[in-house]
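Following: one structure in structure tokens, then a few remarks.
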Amino acid sequence: MNWSHTMKRREKKQRKKIIFLLTLPLTAILLIGAGLLYLYFSPHISQIVSGKKEVKSAYIKKGSMKETQELLNKNRIKYENIEFADEGETFKVTLESGMVVNLSSSKSLEVQINTLHEIIRRLTIDSKAAKEIDLRFTRPIVKFK
């Protein structure tokens, strides 16, 4: 009886060792994963907590203005002014014709400006004059004079 009790104790210790050895790498992987997630999302934490888009706005102001100018020039769209509106969420482009165009900074600028080019081409063919074109939404909104 004593011998059998000792064997059960050894088996129990052996099981505990195996469980420990299996859970140790999993715990390490979870901790490393949590650390990597923290590092990835840490620049965006203030944005998530406050609800503001400060990080995004800073990025948009640096690169997107130049990109917008280049795309407008590439598509031969003559403009007078480009400015930010709605805390950097919207570009407001004033064309030489006086038309105002709203572009979303969260959507592809290239796609929006290509769409703008097609709308202007179509309006020119139809001999219509638009006052404002809004490309921030799924479907463009055109307001006429």
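Would you point out the residue of region 80-92, among those that are of a type outside the set (Lys, Arg) and assigned to a strand (DSSP E or B), that is modelled with the highest pLDDT? Across region 80-92, the extreme among qualifying residues is GLU80. Just so you know, in region 105-129 the residues that are touching a Phe, Trp or Tyr at 6+ places or on another chain (Cβ under 8 Å) and among the small types (Gly, Ala, Ser) include one that is modelled with the highest pLDDT, and it is ALA129. Selection of first residues in region 115-134 that are without any contact (Cβ under 8 Å) to a residue 60 or more places away in the chain and of second residues that are of a type in the set (Phe, Trp, Tyr), restricted to Cβ pairs under 8 Å at least 6 apart or on distinct chains, gives the following pairs, ordered by first then second residue: LYS128/PHE144; ALA129/PHE144; ALA130/PHE144; LYS131/PHE144.
The residues of region 115-129 that are assigned to a helix (DSSP H, G or I) and over 32 Å from the mean Cα position of the chain (by Cα), listed by number, are THR124, ILE125. For region 93-114, a residue qualifies if it is out of contact with any strand residue (DSSP E or B) (no Cβ under 6 Å at 6 or more places or on another chain) and either assigned to a strand (DSSP E or B) or buried (at least 16 other Cβ atoms within 10 Å of the Cβ) (or both), and the qualifying residues are SER104, SER105, LEU109, ILE113.
The values are calculated or read from the model by the stated rules, or taken from the named source; none is laboratory data. Note that this is a predicted model, so its numbers are computed, not measured. Here Cβ is always computed from backbone atoms with ideal geometry, including for glycine, and neighbour counts include all displayed protein chains.
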